[in-house]
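Report on one structure; see the data block that follows.
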Amino acid sequence: MKIADFFYYTPDRQWDYASQLGIRYADGRMIDGHMNEIAGSYGKLKAMKEHFEERGFRLKIIEPAPPNQKIKQGLPGRDEEIETMCTLIRNMGRLGIEVLCYNFMAHFGWTRTSFDYPERGGALVSEYDHSKFDAPELTEAGVISAGQLWENLEYMQRAIVPVAEEAGVRLALHPDDPPVPEIRGVSRILTSADAMERAVNLVPSPNMGITMCQGSFQAMGEDVVECIRRFGDRINFVHFRDTRGDKYRFHETFHDNGPTDMAAAVRAYRDIGYHGYVRVDHVPAMAGEDAEHPGYGSVGRLFAIGYLRGLMEMAGSLED
């Protein structure tokens, strides 16, 4: 396994910390407001890669995909969004950027009801409480059924999977977070291990797989370690995190303070022969930190990366 870190485009303190921690691989977020522009241009994506290389990081993952709500909701313009994704994938292949992490959450993306739930020692983490968020009123998206989403996902997959095969890029589909069946009339379909397996088999390919987001699988009520073994070589990227609770009410935890046996998880990755990228995700906000990017502070990430590195060394699964 190779440890990567998630970076916003503009260098900040985390870039320095990651360098000091010996991290060599970057999971890069394209500039907000310019994602389509970068995704559609070989030159701009190349400049993004070089931007990371200048600071000593090899850009190997792009997360998230460019805007694609028209694809998800089956709206006019979805073919143009698909073409942008295909162009991005082709350019990633030309530049040696190996993994695209994307999701299929319509209208509501990564969603929480608070970011100040007290974890160990008063550190602050995110929480989802479905009773506080859900309401009978529909959004401007109206009703979107599970059937529609499955049809729209297959439509997209049939377009992008062959392109990923040709480009040599691995696709890593992220589960829904939170993995509830519906929010205000908008269905969510990637909410169980069975659903994730169905999704990756819509268009079977050695390049098609999942992001093993451990916290999402835990919130689903799945056995995380068993799911690692179940998906095996279909795991193309790992989000190393944990949650406590169920899909309707859960909160993030410190990486060593949740219900998942994290050492067993790392041994499972070793046993299935996973040689891909892993990054820590959704860290607590520690004393003195602000909440500019909830879940993506620096101090909690220092602890989490050190903890992950120790587990990987214990399991003999750390690769440079």
Residue among 111, 87 that alone is surrounded by 13 or more Cβ atoms within 10 Å (Cβ to Cβ), hydroxyl-bearing (Ser, Thr, Tyr) and within 29 Å of residue 43 (Cα to Cα):
87
Do you know which residues across the stretch 155-174 are in a loop (DSSP other than H, G, I, E, B) and open to solvent by 20 Å² or more (accessible area, probe 1.4 Å)?
168
Just to be sure I understand, how many residues within the stretch 90-108 are more than 17 Å from the chain's Cα centre (by Cα) and surrounded by 21 or more Cβ atoms within 10 Å (Cβ to Cβ)?
2
Which of the residues that make up the stretch 269-320 are charged (D, E, K, R), closer than 15 Å to residue 13 by Cα and open to solvent by less than 60 Å² (accessible area, probe 1.4 Å)?
289, 301
Could you identify the single residue in 111, 87 that is modelled with pLDDT under 95 and over 30 Å from residue 316 (Cβ atoms)?
111
Single unsatisfied condition, residue 177 versus (1) open to solvent by less than 30 Å² (accessible area, probe 1.4 Å); (2) at pLDDT 95 or above; (3) at positive phi; (4) not hydrophobic (A, V, I, L, M, F, W, C):
(3)
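The values are calculated or read from the model by the stated rules, or taken from the named source; none is laboratory data. None of these values were measured; they are calculated from a predicted model. Here Cβ is always computed from backbone atoms with ideal geometry, including for glycine, and neighbour counts include all displayed protein chains. Ligands, DNA and RNA are excluded from the accessible area calculation, which covers all protein heavy atoms including side chains. Shrake-Rupley method; radii C 1.70, N 1.55, O 1.52, S 1.80 Å.
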